[in-house]
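Here's the structure we're looking at; comments come further down.
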Amino acid sequence: QVQFQESGGGLAQAGGSLTLTCAASGSVYDTAAMGWYRQAPGKQRELVAAITRGTATRYAQAVEGRFTISRPNSKDVIYLQMHELKPEDTAVYYCVSARLGAYYSNEIEYWGQGTQVTVSS
């Protein structure tokens, strides 16, 4: 089982920035990959960005070049720096983790409770 402590959500204006933080506690196997998904009203959850303990990253096309995920010292704390925010970035953002094999099979095993990000135009 993995527990998450998410923070940093809130309200931003279009063009602004926010940084999300997630600290996970669990076995090293279950947090081999960590990342963020988001769900906007009426839409399915989608991957935003993910990073392995080896710091290989993956981004959704919609955020590439604007968002940066990091995992300093390969520990179980990740940051999502979000710049040039757009109203369409408005969603609940969920911190997630998975074992490496599950991650590469696009299976997310553990979910945080989520933090709201709202971008006003």
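Within region 32-49, restricting attention to residues that are of a type in the set (Gly, Ala, Ser) and open to solvent by less than 70 Å² (accessible area, probe 1.4 Å), the residue that is farthest from Ile108 (Cα to Cα) is Ala40. Among residues of region 50-99 being over 22 Å from Tyr110 (Cα atoms) and aliphatic (A, V, I, L, M), the one that is most open to solvent (accessible area, probe 1.4 Å) is Ala62.
Is there any pair linking a residue in region 1-12 that is under 18 Å from Gln81 (Cα atoms) and acidic (Asp, Glu) to one that is modelled with pLDDT of 95 or more and outside any strand (DSSP E or B), with Cβ under 6 Å and at least six apart or on different chains, and which? So the pair list comes out as Glu6/Gly112. I'm checking my understanding of the structure. Among residues of region 103-121 that are in contact (Cβ under 8 Å) with a residue 12 or more places away in the chain and of a type in the set (Gly, Ala, Ser), which one is most open to solvent (accessible area, probe 1.4 Å)? Only one residue tops the list, namely Ser121. Kindly provide the set of residues from region 40-55 that are touching a strand residue (DSSP E or B) at 6+ places or on another chain (Cβ under 9 Å) and not polar (S, T, N, Q), ordered by number. Ala40, Pro41, Lys43, Arg45, Glu46, Leu47, Val48, Ala49, Ala50, Ile51, Arg53 - these are the residues of region 40-55 that are touching a strand residue (DSSP E or B) at 6+ places or on another chain (Cβ under 9 Å) and not polar (S, T, N, Q).
The values are calculated or read from the model by the stated rules, or taken from the named source; none is laboratory data. Computed from a prediction, not measured in an experiment: that's the story for all the values here. Glycine gets a Cβ as well: all are built from the backbone with ideal geometry, and neighbour counts include every protein chain shown. Ligands, DNA and RNA are excluded from the accessible area calculation, which covers all protein heavy atoms including side chains. Shrake-Rupley method; radii C 1.70, N 1.55, O 1.52, S 1.80 Å.
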